[in-house]
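Worksheet: one structure, shown below.
Since every read-out is calculated from the coordinates, none of them should be taken as a lab result. Predicted model only: the values in this text are computed from it and were never measured. So basically every Cβ, Gly included, is an ideal-geometry build from the backbone, and we count neighbours across all protein chains shown.
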Amino acid sequence: MIQTSQFKKEKAGLLLKDLEKALHRLVEASEQPPTVFNQDSTIQRFEFTFEAAWKLMKTIAELEGLDAPSPKRAIRQSAVLELINDPDKWFEFLDNRNLTVHTYKEEIAQKVYNSAKEFIPYTEKLVEKISNYLITDKPTN
């Protein structure tokens, strides 16, 4: 029988792969000319990527014995674990992710689109840190 921590570590590995795929697609979308269609695609991929990121943060926090039932809590715990360096920026990304239901308003769509593009390097750094974590069993700076 697989131990709970081993199961969660395997789950984290699968979630990391999902995040890497989502991030790749976000990067692809963000590199396209900024037509309305491409902005909408980028915003949608930002949603997917953010969801994958916070769920992975949650799983890593749980591996470390920390409670992270919500995106805000997962962000806080990831900062404690030094998986992210700027939790306030991640809270801003969360706020913008929550605005995606209102992207029919051009000003909101533009704000979320810009945030999606800004999100990419933060997520790349998260992927790097979690990849190292899964290899070494501890977060690295």
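Worth a mention:
- Of all residues in region 65-92, those satisfying the criterion of being within 23 Å of Asn114 (Cα to Cα) and of a type outside the set (Phe, Trp, Tyr) are Pro71, Lys72, Ile75, Ile84, Asn85, Asp86, Pro87, Asp88, Lys89, Glu92.
- Any pair with Cβ under 6 angstrom, 6 or more apart, that starts in region 80-104 at a residue that is closer than 11 Å to Glu47 by Cα and ends at one that is part of a helix (DSSP H, G or I) and among the β-branched types (Val, Ile, Thr): Asn96/Val112; Leu99/Ile108; Leu99/Val112; Thr100/Ile43; Thr100/Val112
- Tabulated pairs, region 4-30, first more than 18 Å from Lys129 (Cβ to Cβ), second not in a helix (DSSP H, G or I), C-beta under 9 angstrom, 6+ apart or interchain: Glu10/Ile2
- Test result for Ile135, surrounded by fewer than 15 Cβ atoms within 10 Å (Cβ to Cβ) and either assigned to a helix (DSSP H, G or I) or more than 14 Å from the chain's Cα centre (by Cα) (or both): yes
- For region 77-123, a residue qualifies if it is more than 12 Å from the chain's Cα centre (by Cα), within 30 Å of Ile135 (Cβ to Cβ) and outside any helix (DSSP H, G or I), and the qualifying residues are Leu81, Glu82, Asn85, Asp86.
- Residue check, Leu66 in a helix (DSSP H, G or I), closer than 21 Å to Ile135 by Cβ and aliphatic (A, V, I, L, M): no
- Considering residues of region 31-53 that are polar (S, T, N, Q) and surrounded by fewer than 16 Cβ atoms within 10 Å (Cβ to Cβ) only, the residue nearest to Lys129 (Cα to Cα): Gln32
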